[in-house]
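Reading through the structure tokens given below for one structure.
The values are calculated or read from the model by the stated rules, or taken from the named source; none is laboratory data. The structure presented is a predicted model; accordingly, all values stated were derived computationally and were not measured. Cβ placement follows ideal geometry from the backbone for every residue including glycine, while neighbour counts extend to all protein chains displayed.
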Amino acid sequence: ILHSAEVDYASLLPSMFEMNAGYFLIQLASEADKERVYKLCGEHSRSDANGVAQVCFIGVINPLDPRVETAQGVCDDLVLAAKHIPKDRLGSTDDCGFSPFSIDVKPKHGSPDVARDIAFQKIAARVEGTKMASAVLGLS
């Protein structure tokens, strides 16, 4: 998983895609200028990295934000990404794992498992939004 908190993707992605690796999980849900990074991925990822196509799994869920993303928002991100990244080499993922939720102090309201519930809602939004984008892009 690639995080860009302190390094500009424009400085990192070109050399990263020089590796002969197939799967790249890229933190993007919390990125300020997503389309700029989509363009970089499309420009620098390779259809043949020594016999392996490079697939860009873009982060569409921010596990550090308790706000649950919508399936439509996930779909919109993927459809926009597909304008720059070949759709057969595009996938969705979370920005990172949901482990921060496991250390949350239990709230004094709602379910005692509210953090777990939020994580599952976020995952469901990613799955549904990805299905929606697949349909829009003619992949399903």
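For residue 45, are the conditions met, namely being surrounded by 14 or more Cβ atoms within 10 Å (Cβ to Cβ), in contact (Cβ under 8 Å) with a residue 24 or more places away in the chain and farther than 18 Å from residue 96 by Cα?
Taking the combined requirement at face value, the residue satisfies it.
Quick check on this structure: which one of 65, 94, 33 is at pLDDT below 90, of a type outside the set (A, V, I, L, M, F, W, C) and under 24 Å from residue 8 (Cα atoms)?
65
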